Amino acid sequence: MVVEYGRPRVQTKGMKLAIFDVADVNNPKELFVEIIGGPGSYSEALYNHKAVVFHQGTLVLPVHVVGNNAKTVFQGAMSYRVDKQTGFSSMGNVSLLKTVIRLIIIGPLVGKLDAH
């Protein structure tokens with residue numbers, strides 16, 4: 001937690017996607033990791049599970065990616081193919097001007113809902 005001007009706030013150090021082997025629930029093993037962005041990167045998915053879309057091995061999530069220079073490098077939707085044998089494979093990104101709060105998949109199309 002960071003305190004600035006008397007008000008506490010939370011600042012991420014990047015976002016992490018991970019796949020775990022939970023065959024032994026008392027000893028889960030991290031198999032694959034994908035790191036997105038640096039300090040200040042954000043996703044509605046960090047606070048709202050409904051922002052994440054996972055369908056037939058495809059993961060799509062809204063992101064606001066901040067680089068190491070503290071500047072926004074990408075804002076929009078990132079999509080990944082998720083496989084328990086090979087991990088995460090990028091399927092591409094869609095740049096969007098507004099902060100996205102929810103994504104929807106309709107056939108081959110990805111739709112978005114924003115805050116405004």
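What are the residues whose amide H is under 5 Å from the amide H of Met91, where those residues sit 5 or more places off or on another chain and H is modelled from the backbone?
Placed amide hydrogens put Ser79, Tyr80, Arg81 under 5 Å from Met91.
Name the residues whose placed amide hydrogens come within less than 5 Å of the amide hydrogen of Gly14, ignoring near sequence neighbours (fewer than 5 apart) on the same chain.
The list, which skips near neighbours in sequence, is Gly40, Ser41.
How much length is gained on full extension from Asp24 to Ser90, taking 0.36 nm per residue of separation minus their Cα-Cα distance?
Numbers: separation 66, 0.36 × 66 = 23.76 nm, distance 2.86 nm.
Working it through step by step, the gained length comes to 20.9 nm.
Determine, at each q value in 0.12, 0.18, 0.19, 0.23 (inverse angstroms), the log₁₀ of I(q)/I(0) that the Debye formula gives when each Cα of region 12-114 is one equal point scatterer.
-0.42, -0.89, -0.98, -1.29
A short reminder: the numbers here are calculations on the coordinates, not readings from a lab. These numbers were taken from a predicted model, which means no experiment stands behind them.
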